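Just so you know, all these numbers are worked out from the coordinates, no wet-lab data involved. Quantities reported herein were computed from a predicted structural model and do not represent experimental measurements. Quick reminder, even Gly has a Cβ in these numbers, built from the backbone with ideal geometry, and neighbours come from all protein chains shown.
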Amino acid sequence: MIEFHLDERSGLAPYVQLVREVRQALRLGLLREGDQLPTVKEVVAQLAINPNTVLKAYRELEHEGLVAARPGVGTFVTATLAGTSLAAHGPLRQELRRWLAKARRAGLDDESIEALFMTTFRTAAGEDIA
């Protein structure tokens, strides 16, 4: 089951962060069709957020056709975003871990690493590399 984490520094609304985390888990194959999401009550207890925030996130995911609520039972994944490239994730993840270790040894903190990655990603995307 997915465990949610919120980043107060992200500038994103909590419900958007929840939606993103579910989408990422679906892309990475961490959530599959039939898996149950944590109940609203569980998420509220874990993150100390308003139940309406969780409900809003779950409704958006339902609107996108990724989950379905079953009254009295819970919310379940109905679709996946994992592509055929899922097998490539393992080696890429290992390579990224090595890169992160090098960045840390070079003295970069989390925000610097994120800034470097995102800037490079955007530049590469603009050059049709990424």
remark   = With Cα springs under 10 Å, the Gaussian network model of the chain assigns the largest mean-square fluctuation among Val19, Val73, Val40 to Val73
Whole-angstrom gap from segment 94-130 to segment 30-90, using each part's C-alpha centre = 28
ask   = For the chain, modelled as a Gaussian network with Cα springs under 10 Å, which listed residue fluctuates most, Lys41, Lys56, Lys102?
value = Lys102
ask   = Length gain on complete extension for the stretch Ala79 to Leu30, per 0.36 nm per residue less the alpha carbon to alpha carbon distance?
value = 16.4 nm
remark   = FRET efficiency for Gln46 and His89 from the Cβ-Cβ distance with R0 = 25 Å, rounded to 0.05, comes out at 0.45
ask   = Hey, what angle do you get for helix 14-27 against the long axis of the chain, alpha-carbon based, 0 to 90 degrees rounded to 10?
value = 70
task = Can you tell me the 0 to 90 degree angle between the C-alpha axis of helix 110-126 and the longest principal axis of the chain, rounded to 10?
result = 80
ask   = What is the local net charge at Gly65, summed over the other residues whose Cβ is closer than 13 Å to its Cβ (Lys, Arg +1; Asp, Glu -1)?
value = -2
